Structure formats: C-alpha cells, structure tokens
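One structure below.
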Amino acid sequence: FVHSPTLISSASLPTYSTTSLTAASTAVLLLSSNLRLSDNQALNAAVELGPGGLSILYKWNHNPIPQTPSQFFEAAAIRSFNSSLTRLNDQELTLIDGNDVVVQLERIINDLDPTNLVVDFQDTTILNKVQTKFPKLKLTVVPSSHLHHPSTAQYALGRSRKGGRILRWSTYLSGMLNEPIAPPIPSPQTLPLPIKLSPSLTWFSAPPLSKSYREPEWAKHILNVFPPTESEALLRSFQNPAPNTPTTNLTTNLGNANTIPPSSHLSPYLRFGIISPPLSSSNGVRTRDLLWRDWSHMCHNMVEPLKRGDPIVAVMDGTCVKFEGGTGEGGEGGIRGQQQQLDKFNMWVVGNTGSPIVDAGMRQLWLEGWMPRHVRLLCASCLVEGLGVDWRRGRSWFEHTLVDYDPAINSMMWQNAGLVGIDPFYTKLKWEVEQEHFREYVQKYLDADLKWPKHLSDYAELRPDPNLVTNAQARRDELKNRNVYRAAKKIVNTGVRVNWKNGEIIGVGNTPVEELDFNIDMSASDKFKELQSKIALEHLDERFKEADLDGSGELDFEELGEFCKKQGMNFTNREWELLVESLDADNSGTVSLQEFKQWWSSHFYG
Ligand SMILES: Cc1cc2nc3c(=O)[nH]c(=O)nc-3n(C[C@H](O)[C@H](O)[C@H](O)COP(=O)(O)OP(=O)(O)OC[C@H]3O[C@@H](n4cnc5c(N)ncnc54)[C@H](O)[C@@H]3O)c2cc1C
C-alpha cells in the first residue's frame, strides 16, 4: 500500500481560520521548539489570530538551571530569539515550566483571558485538559517542527494484510520523497503589541532569561562551536557541503563506510527549531536526512515501546549485549559482571577503547557536544558489538552529552545499534580499523586536551584493552552464529508490524511476534537451560553411563534422544538440530563424556 500524493498534500497545510477575527482578538502562543522568526507557521498563525495583542510563551522542560550541552544550547537559543522578538514591537518570551504546563497555562489564561491559544505541539493530554477548562478559548494546533505536517506521514506506511500497519523506513522514504515540500514563509515584519502577564506570576523570569545567568566555561566552548542564532543556522544551511542531490540508493544510511560523509552541522538548530526543515531543504540540506527526523518523531509519538524507551522487538533484546554469560557472580547479571560492564563503558566514554576513530569521536563528543553521524554509528556499534555493553548505557551518555540531543532520534538510533530497533542494520560498520580518510579527524581529537570529572579521569589514564580491536571480527562471527544479523536483516526487509490504535508491536512484517523464526533459537536456549537444570554437575558421569545403553563409551543420537525423553524433554526438529550441533562439538556423529560435561557447563543465551 502506497499513499496517494494528493491526499497527503491537502493534509499538509495548517488548519486555522481567520474569518471570525475582530480587531480586538488576542492570542497566546505556546512554543515547545521553533525558536525562530522565519518560516515559523505557529508564530505566523498567532500573529494573524491576535491582532489585538499577543503573548508568547516557551515550554522549558528542565530544572531552572541548565545541566547538559543541549540544555545550555536551548537556553542560549531562547535568549537569542528573545532579543529578536524585543526588536519587533517590544515582544518578550515568557518561560513556563514544561513539567507543569496545564496548571501554569490555566493561570495565564485566567490572567490574560485571550481569544485564541496557538500551540506548536500535539500533546492531546495537555490540550484536552485546557480545552475542557476553557471551552470558549479557540485552540489552534500548528505543528511547525517537521519537513511535512505529521498527519501526512501515516499515508506513507505499509498496511499489513494481517491487520495493523507496517513501519518500514524504505517504504516511508520512497513515499515521502515525492511529497512536495511547503515553500518557506517569510518572517513577520512586525508583531502585535504584547499583552503583559501580571507581575504576580514571577516564576517566569527563569534563569535562562535572567541577566545574571552565565554559562560555565565548558558550555561556552560548545556555544562557540554552535552559536545559537538564526543567522548562523541560515549560513550553515547555505554552506552545507552535502547538497541535496538525488540519492541513488534510497535505503542505505551509511554511504561509503570508509569515509566521513560531509554534513550540514545543523542538528542542534533543527532540534530547537532555529531553522525550519522546509527552509533547510530549500537551501540545500538533504531531504532524506530531514525525513529521518520526521520518521523518528513519528515512530516515537505513535509506537508505545519507543515512547517508553523499550526495545522495539523485545525478543531480540539481550541477544547481542550479553557477552559475559551467566547470572552468577562473574556473569552479566552478577556483581563482577556489572563492574566489568561499567569499566568497559567508562573506557568508551573517555575515548580509551583502542579504536582510533571511536576514541576520537568520543573525545569530540565531550569537547564539542557533537559528532558526525558516521562516527556516532561507529561508536554505538563498538559499544554494543565490540564491548558487549547494554545499548541503554550508550543512549544515556548521548543524552547527557549531545548538544543536539533529541529523545526521539537518540532513542531510535540506539535501539537500532542494539539491534532491537526498527532499522537495526549496522553490519557494514568497521569501527576497529583506522581509515585513511579519518586520519586528520582522528589526530585532531586524540591530541585534544580534555578535562574529565574525577570518577572518569582514572579511566583516561588506563591502557586500552589490546584485544578489543583484534577480537572485533570474532565478536561479529559470534553474533552471526547466533543469527542475530539474520534477524536484524529480516526486520529491515519486512518492517515492523504495529497495532495502529496504541502502536504496540504485533509482529515483524506479516509474521506475528510469537511466530518469529529467530524466536526458535531463543526458545531452544530456554529448553537447553531447562535440561541443564535437571542434572547436577556431580552426577554427570553416572547419568552418562545410564544413557550409554550399548556401553560403547559414546552416545549416538538415538541414545541421546532416549535420554532426553527420560528427562521429560521434547524438542522440535530445529531445536534437536541445534542441540546435537552444540553437544557434538567435534562433529563426529557421537557425543563423548567430555563433550557431555562441557555442554553442561556452557551458558545459553536467552
Ligand atoms: C547513536 C546515534 C544517536 C543520535 N542521536 C541524535 C540526536 O539526539 N539528535 C539528532 O538530531 N540526531 C541524532 N543522531 C542522528 C545524526 O547523527 C545527527 O542528526 C547528525 O549527525 C547531525 O549532523 P548534521 O546536522 O551535520 O546532519 P546532516 O547529515 O547534514 O543531516 C541534516 C539533518 O537531518 C537530520 N538527520 C540526519 N541524520 C538523521 C538520523 N539518522 N536520524 C534523524 N535525523 C537525522 C538532522 O536533523 C540533521 O541535522 C544520532 C545518530 C546516532 C547514530
């Protein structure tokens, strides 16, 4: 099922009407992003709907004092946008606490009694509550953060014959690439007069706007690299070195895996709406990259597991992150296992893994709050595939350090890296080798002088694990043998089937979740564990003798079958194949006592 382009185009316009306006109509505009004057549909709608007066609010979602690069960037962008507004008819932004929007909006609406409320986000919980409380207030929703109006996206999704919809990046991309992009609209030349809030609502002079507020030195450095102004964003979009050329291979995100592809460096600007996606696109930024943004946001908003931060295909979770084995003290879940994970993770964080490109990328992240996409992919892949660390740790670190941190994009990309996401295809990424084209980049960041917090500085002094790089291929082979890549490829090819009402995952392609064939290996490993649990290690010699019915000293497969039956175990054909494969390690056609004992002490994933 492919969408009808005409259907999409008509839906992509913001819907509000100015027919019932009088000169006295006033408006409150609540922004959650879109910190810009040009091509700002929400701002333009509010200007039209509030000729009698306008008040502009911004939803600040954090503690009063910013903590992370993206929060500092957002705060600086707020100040810069505020100065632009002040130049236009003395308008000013008012910050409201994003954790308490409904209560604060109620106070403001009671205070100002506006005719219209215009918002740039679609949080129905908040909007329904406000509309119920103020039924006469005209509510206008103008989402202005995307390349295409969010309502267009679902037309480009596959519809499953077994019910539900299919989320598949390549289908979405090929549908949306043909979609005409709304032409950017110019900045308003003037704004209606401000309607001022009563001074009793004093919380609103929050620190990001207060005069005494100053960034720490490290944040200043990041803001020098990414000056948060509209003019800087425009300049970057024009100077973008990756012009919007038609893409021949629609689905690959990797380009040439050996080079760092040119990029616009616009992500923090797009994140907080300092430039609009349609304007960036018309200035030459690649449409397919901007569609990745729309796609991540759409999936995040519509699919429950993504919103909760859970893996998309839960059945794969743990298949590629648990290398250490066992839940005993030394295993993954045990105390020593956890410490090992933490040590490996910290070595990755400080750029001390031994892989030059990964280490350079991680150091750039700490210094500038940013990395090129290709290097992000390599770093993520190294953490998950190479170090065997849980993808969630990487996600949290990026949340803490990225200047363009976006919960929807970051979460989706990390789920993909953990091979539990919607587009989990990372097999071309050779993070272990230093590429010729990376040399200059690598040198620049490996030579940079970095200051780490105390709990990390020791890790920066340690010697990296010499085996990480040399074992890279062995790690990959291990995952390959466990069919992890096959399962990931299947998801990429067939897409993920979701129940459209609440976005729960109901299958992969047309296969229901419970019948997924990569499930087999998981259920087999559960059964192997059960079989193991039936015989204590000290009784293995005795049991082997009993199973060896002809006394030959080896078990043939018939004897093995009888033995399993006696233990109350039933295996499907595929599970039996896997059992024999794993027991008969030397492939001789029989199982020796040594193989029998070895099998009982091995660990099965699942
Ligand atoms: C593990 C991981 C985590 C990431 N976390 C974030 C994040 O928190 N915030 C973020 O904006 N990007 C994130 N990305 C996506 C991507 O790496 C950055 O958007 C890109 O590197 C920014 O550089 P640029 O502005 O020069 O992008 P360009 O390559 O010039 O692309 C233009 C714009 O398209 C969008 N875009 C590009 N690639 C993607 C993508 N894969 N997914 C969604 N949007 C995309 C961005 O807004 C970007 O600014 C992540 C990627 C990975 C692998």
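Checked against (1) near the ligand (Cβ under 8 Å from one of its atoms); (2) open to solvent by 10 Å² or more (accessible area, probe 1.4 Å), Met371 passes all but a single condition, namely (2). In the condition set (1) modelled with pLDDT under 90; (2) over 20 Å from Leu419 (Cα atoms), Asn510 is compliant with all but (2).
Please go through region 89-102 and give me each residue that is open to solvent by 40 Å² or more (accessible area, probe 1.4 Å) and free of Cβ contacts under 8 Å to residues at least 40 places away in the same chain, ordered by number. So that I can check it myself, show each step before the final result.
Taking region 89-102 and keeping what is open to solvent by 40 Å² or more (accessible area, probe 1.4 Å), we get 89-90, 92, 99-100.
Hits for region 89-102 are Asn99, Asp100.
Only one of Leu173, Leu147 is in contact with a Leu (Cβ under 6 Å, 6 or more places away or on another chain), open to solvent by less than 40 Å² (accessible area, probe 1.4 Å), in a loop (DSSP other than H, G, I, E, B) and at pLDDT 85 or above. Can you tell me which?
Details: Leu173 fails: in a loop (DSSP other than H, G, I, E, B).
Criteria check complete, one pass: Leu147.
Where residues in region 250-290 are closer than 17 Å to Phe425 by Cβ and more than 8 Å from the ligand (Cβ to nearest atom), which of them is modelled with the highest pLDDT? Within region 250-290, the match that is modelled with the highest pLDDT is Arg288. List, please: which pairs have Cβ atoms under 7 Å, are six or more places apart or on different chains, and start with a residue in region 393-407 that is within 14 Å of Tyr269 (Cβ to Cβ) and end with one that is basic (Lys, Arg) and at pLDDT 95 or above? Here the result reads Asp404/Arg271; Asp406/Arg271, each pair linking region 393-407 to a residue that is basic (Lys, Arg) and at pLDDT 95 or above.
Please specify each residue of region 166-198 satisfying the condition of being under 21 Å from the mean Cα position of the chain (by Cα) and of a type in the set (D, E, K, R). Listed by number, the list holds a single entry, Arg168.
Give the residue that is surrounded by the most Cβ atoms within 10 Å (Cβ to Cβ), with candidates limited to residues of region 379-407 that are under 11 Å from the mean Cα position of the chain (by Cα) and more than 8 Å from the ligand (Cβ to nearest atom). Full working, then the answer.
First, the residues of region 379-407 that are under 11 Å from the mean Cα position of the chain (by Cα): 391-392, 394-396, 398-399, 405-407.
Within this subset, residues satisfying the condition of being more than 8 Å from the ligand (Cβ to nearest atom) are 391-392, 396.
On the way: Trp391: 24, Arg392: 17, Ser396: 15.
Once the filter is applied, the top-ranked residue is Trp391.
Candidates are the residues of region 413-430 that are more than 10 Å from the ligand (Cβ to nearest atom) and either aromatic (Phe, Trp, Tyr) or in contact with a strand residue (DSSP E or B) (Cβ under 8 Å, 6 or more places away or on another chain) (or both); the one that is most open to solvent (accessible area, probe 1.4 Å) is Phe425. Counting only helices (runs of 4 or more DSSP H) wholly contained in region 510-595, the ones carrying 2 or more residues that are under 19 Å from Val484 (Cβ atoms) and either in contact (Cβ under 8 Å) with a residue 60 or more places away in the chain or assigned by TED's automatic domain parsing to the domain that holds Val496 (or both) occupy 519-534. Screening Val433 with (1) more than 12 Å from the ligand (Cβ to nearest atom); (2) at pLDDT 90 or above gives one miss only, at (2). Filtering region 544-574 to residues that are acidic (Asp, Glu) and in contact with an Asp or Glu (Cβ under 9 Å, 6 or more places away or on another chain) leaves Asp548, Asp550, Glu554, Asp556, Glu559.
Of the residues Asp584, Asp556, only one is touching a Ser or Thr at 6+ places or on another chain (Cβ under 6 Å), at pLDDT below 95 and surrounded by 13 or more Cβ atoms within 10 Å (Cβ to Cβ); which? Give the derivation first.
Numbers: Asp584 fails: touching a Ser or Thr at 6+ places or on another chain (Cβ under 6 Å).
Exactly one of Asp584, Asp556 is touching a Ser or Thr at 6+ places or on another chain (Cβ under 6 Å), at pLDDT below 95 and surrounded by 13 or more Cβ atoms within 10 Å (Cβ to Cβ), namely Asp556.
The residues of region 451-486 that are part of a loop (DSSP other than H, G, I, E, B) and either under 27 Å from the mean Cα position of the chain (by Cα) or not assigned by TED's automatic domain parsing to the domain that holds Pro372 (or both), listed by number, are Trp452, Pro453, Arg482, Asn483. Just for region 103-126: of the residues that are farther than 21 Å from Val47 by Cβ and open to solvent by less than 30 Å² (accessible area, probe 1.4 Å), which one is modelled with the highest pLDDT? The qualifying residue modelled with the highest pLDDT is Ile126.
The values are calculated or read from the model by the stated rules, or taken from the named source; none is laboratory data. Small disclaimer: the values here were computed from a predicted structure and weren't measured. Reconstructed Cβ throughout: ideal geometry from the backbone, glycine too, with neighbour counts over all protein chains shown. Heavy atoms of the whole protein, side chains included, go into the accessibility calculation; ligands, DNA and RNA do not. Shrake-Rupley method; radii C 1.70, N 1.55, O 1.52, S 1.80 Å.
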